[in-house]
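A.B. asks: Structure provided below as structure tokens; questions to follow.
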Amino acid sequence: MSLDVSPKLLAEAESGDIREEDFVDTVRTSLPYAYDLIASLADELKDGKAEFTDNQTPPPSEQERGQLLRALASDAIRGSLERHFGVELAFQNCHRVATFRPGARNGETYKRFTSQRSQILNQSPEFRDC
């Protein structure tokens, strides 16, 4: 299961829409490694002048890697994190997540990062089982 959903939030979802803040808080507590990594990359992006920031350090364990994969594989989670942190996310391999400034999807740097060529160039044998 990806998220530890409180009975209160589940009841709210069953009867209608939920607040995005409540959803993001559920993501934060359920997937703390993924949330904290994206938060730190977003802060680094906001504090600097670079077009993007990215993580190239593998997670400390498969549990953390799983959190990151679950967060980025879900459109709802990924979209909520993008809106919450005011960034656009991109993802390569099993841990290289990047934060870009809003509107970057149309830019050359984002397109280069997410290209098939970049995906191939960022492969290595240690990523085979991740």
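The values are calculated or read from the model by the stated rules, or taken from the named source; none is laboratory data. Small disclaimer: the values here were computed from a predicted structure and weren't measured. Every residue, glycine among them, receives a Cβ derived from its backbone with ideal geometry; neighbour counts consider all protein chains shown. Heads up: the accessible areas ignore ligands, DNA and RNA and are worked out on the full protein's heavy atoms, side chains in. Shrake-Rupley method; radii C 1.70, N 1.55, O 1.52, S 1.80 Å.
A.B. asks: Could you tell me which numbered condition T57 fails, if it satisfies all but one of (1) open to solvent by 30 Å² or more (accessible area, probe 1.4 Å); (2) within 24 Å of S118 (Cβ to Cβ); (3) at pLDDT 95 or above?
C.D. replies: (3) is the only condition that T57 fails.
A.B. asks: Could you list all residues from region 79-100 that are surrounded by fewer than 17 Cβ atoms within 10 Å (Cβ to Cβ), free of Cβ contacts under 8 Å to residues at least 60 places away in the same chain and in contact with a helix residue (DSSP H, G or I) (Cβ under 9 Å, 6 or more places away or on another chain)? Walk me through how you get there before you give the answer.
C.D. replies: Taking region 79-100 as the starting set, the residues that turn out to be surrounded by fewer than 17 Cβ atoms within 10 Å (Cβ to Cβ) are 79, 83, 86, 93.
If we keep only those that are free of Cβ contacts under 8 Å to residues at least 60 places away in the same chain as well, we get 79, 86, 93.
Across region 79-100, the qualifying residues are G86, N93.
A.B. asks: Here is a follow-up. Could we say that G48 is out of contact with any strand residue (DSSP E or B) (no Cβ under 7 Å at 6 or more places or on another chain), among the small types (G, A, S) and free of Cβ contacts under 8 Å to residues at least 12 places away in the same chain here? Spell out the reasoning first.
C.D. replies: Values: out of contact with any strand residue (DSSP E or B) (no Cβ under 7 Å at 6 or more places or on another chain): yes; among the small types (G, A, S): yes; free of Cβ contacts under 8 Å to residues at least 12 places away in the same chain: yes.
Judged against the criteria, G48 is a match.
A.B. asks: Looking at D36, D129, which one is open to solvent by 10 Å² or more (accessible area, probe 1.4 Å), assigned to a loop (DSSP other than H, G, I, E, B) and either modelled with pLDDT of 95 or more or out of contact with any Phe, Trp or Tyr (no Cβ under 9 Å at 6 or more places or on another chain) (or both)?
C.D. replies: Of the residues listed, the single one that is open to solvent by 10 Å² or more (accessible area, probe 1.4 Å), assigned to a loop (DSSP other than H, G, I, E, B) and either modelled with pLDDT of 95 or more or out of contact with any Phe, Trp or Tyr (no Cβ under 9 Å at 6 or more places or on another chain) (or both) is D129.
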